[in-house]
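Below: one structure, written as structure tokens.
The values are calculated or read from the model by the stated rules, or taken from the named source; none is laboratory data. Keep in mind the model is a prediction, meaning the values are calculated, not measured. Every residue, glycine as well, gets a Cβ built from its backbone with ideal geometry; the counts of neighbours run over all protein chains shown. Please note that ligands, DNA and RNA were not included when accessible areas were found on the heavy atoms of the full protein model with its side chains. Shrake-Rupley method; radii C 1.70, N 1.55, O 1.52, S 1.80 Å.
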Amino acid sequence: MILPVRRLAALCALGAALTACGAPELPRRAVHRVPTPAEVSSRPPTLAPGPAGLTPVFERGARTPDRTVALTFDADMTADQGARAAAGERFDNPELIAALRALRVPATVFMTGRWAEEYPVQARAIGRDPLFEVANHSYSHHAFTGDCYGLPTVPEERMRADVERAFAAFRRAGVRDPKPYFRFPGGCYDRRALRALSGAGVTAVQWDVVGGDAFATDAGAVARQVLDGVRPGSVVVLHCTRSAAPATERAIRTIVPELRRRGYRFVKVSELIGTAAGRPGAGL
């Protein structure tokens, strides 16, 4: 039914007056949107918390006939190394990232927040390249336990804030989707550290193969150590810092083709965790 113009105008004026006088609105029903299957499947896999809600720890995948291996690279820079970077020391390694791209090797880069601040263009490029995933290596690269390779120590009450500060640095650099994985500086942790991070929603990621590239100059020796240690499901720890690990890029050019010759497939840490998430005893 079409109302006369004058009557319609009067009704509109009455509605406006009621609204202005604070007439109560009809209650609105809350709408709870169910996530789509695509949204659910796109969430990065994590492990369930450990006993007493402690942060879960992942060391390696299962030793299955499916020969997968995850190469991980720590982009280290401590909070107090800015002066050294300003003086010309390079804590990045663009040649290594270029080699991984040329070889089409998926990899996980555990980045400190301080590194992302020093090299935001590189952090953004790595974070937006589907070949890679960025994970958290703390903001400061200070230790989460005492007596950890001489690193300064983060107080227990600051541990979670240090991790969250790194995620904030990634976002400022333009890293779109940092993964909820955390690697303790130096690999040093204890029950106290796991408890301190229990509310951060991260899975701690260790390794079962030490690349031995820190401060090494012999690329052949690094390659041999990795090749001797890799097993199905292995997580290999290497470094993405030119000054502290100058041989890594050359070692990778030996490691990758040899592992492929042996039938290995390179994956990101998220794929190994996704496979392990439903397996009893996956958290170590």
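Within segment 123-186, the chymotrypsin sites (Phe, Trp or Tyr not before Pro) that combine a DSSP coil assignment with at most 16 other C-beta atoms in a 10 angstrom radius are TYR149. In this calculation the C-beta distance from THR217 to VAL121 is compared with R0 = 45 Å, giving a FRET efficiency of 0.95.
Of all trypsin sites (Lys or Arg not before Pro) in segment 221-281, which ones are in loop regions per DSSP and have a Cβ with at most 16 other Cβ atoms within 10 Å? Display every interim value, and only then the final one.
Working: sites: ARG224, ARG242, ARG250, ARG253, ARG260, ARG261, ARG262, ARG265, LYS268; in loops: ARG242, ARG262, LYS268.
Sparse-neighbourhood loop trypsin sites (Lys or Arg not before Pro): ARG262.
If the segment from ALA48 to ARG176 were pulled out straight at 0.36 nm per residue, it would be longer than the present Cα-Cα gap by 43.7 nm.
Share of carbon and sulfur in the accessible area of segment 108-177 stands at 47%, probe radius 1.4 Å. Extension gain for ALA98-ARG224 works out to 43.2 nm (0.36 nm per residue, less the C-alpha to C-alpha distance).
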